[in-house]
Amino acid sequence: MKDTRLKPNYEIKRRPESNLRNYYTILLEVGLILALLILTVLVRIDLTAADTEVIAVEEQEAVEMEEIIQTEQIETPPPPPRPPSPVAVPDDYIIDDVDIMIDAEMDFGSTLDMPPPPQQEEEEEEENDFFVLVEQMPELIGGLQELQSQVRYPERALRANIEGRVIVQFIVNERGEVENPQVIRGIGGGCDEEAIRVVSQAKFKPGMQRGRPVRVQYNLPVIFRIRN
């Protein structure tokens with residue numbers, strides 16, 4: 001019967017370099033280093049599959065533009081009317097001659113009575129023969145104070161206690177005289193009439209336009225004030 005018990009290896013004793021236990025620590029360290037390297041490489045590798053975006057390009061339908069030719073409707077003229085059908089005249093029918101008698105005698109030497117031409121009414125625009133603004137306006141001789149000194153207060157205005165200002169508009173002609181005075185703003189009580197009387201007696205230096213006297217429209221106030 002064979003002895004199966006573990007026997008001591010005498011070869012190891014004779015050759016100690018052949019004993020693997022002497023290299024156990026080195027082999028363990030090398031193995032750990034290799035394992036760490038493999039693990040580091042596996043961690044750095046991105047094993048997830050990259051999601052590739054697929055862009056779906058939709059095909060656009062090609063739209064073809066058809067040119068529509070506009071048809072012109074040609075209006076055909078209506079057919080001409082049919083000529084009247086000739087009427088057969090018998091040979092024995094006699095057509096009477098018609099005599100045209102002209103009794104009127106034309107006198108080529110006489111004048112024809114023609115209606116009078118229509119009269120065109122021409123509207124003539126009245127042009128003002130005066131200026132409103134000139135290079136040198138008229139000047140009242142003596143001033144407003146002298147004009148006011150000639151005012152006589154009407155009795156009606158005194159009794160009614162009427163005071164105010166009357167504006168008189170008039171034309172100063174080329175000689176400096178007052179023409180066509182009229183009240184454009186009055187106060188009544190006889191003051192308007194008194195203002196026209198005073199202004200009509202006023203004298204002016206005529207207005208000048210381009211070195212010559214002209215007619216100028218002018219406004220002048222006349223003041224009525226009751227003094228105690």
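Points worth noting:
- Checklist (1) modelled with pLDDT of 90 or more; (2) surrounded by fewer than 15 Cβ atoms within 10 Å (Cβ to Cβ) applied to Asp129, failing item: (1)
- In the set Glu179, Glu174, Glu146, Glu194, only one residue is more than 22 Å from Val132 (Cα to Cα), surrounded by fewer than 17 Cβ atoms within 10 Å (Cβ to Cβ) and out of contact with any Leu (no Cβ under 7 Å at 6 or more places or on another chain); that residue is Glu146.
- Residue selected from segment 212-228 under the condition more than 19 Å from Ile171 (Cα to Cα) and not charged (D, E, K, R), by the criterion surrounded by the most Cβ atoms within 10 Å (Cβ to Cβ): Phe224
Yes or no, residue by residue, for (1) among the small types (Gly, Ala, Ser); (2) on the phi > 0 side of the Ramachandran plot; (3) assigned to a helix (DSSP H, G or I); (4) modelled with pLDDT of 60 or more:
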position	(1), (2), (3), (4)
Arg5	no, no, no, no
Glu11	no, no, yes, no
Tyr23	no, no, yes, yes
Ile26	no, no, yes, yes
Glu29	no, no, yes, yes
Leu32	no, no, yes, yes
Ala35	yes, no, yes, yes
Ile38	no, no, yes, yes
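The values are calculated or read from the model by the stated rules, or taken from the named source; none is laboratory data. Computed from a predicted structure; not experimentally measured. No Cβ is skipped: glycine too gets one built from the backbone with ideal geometry, and neighbour counts run over all protein chains shown.
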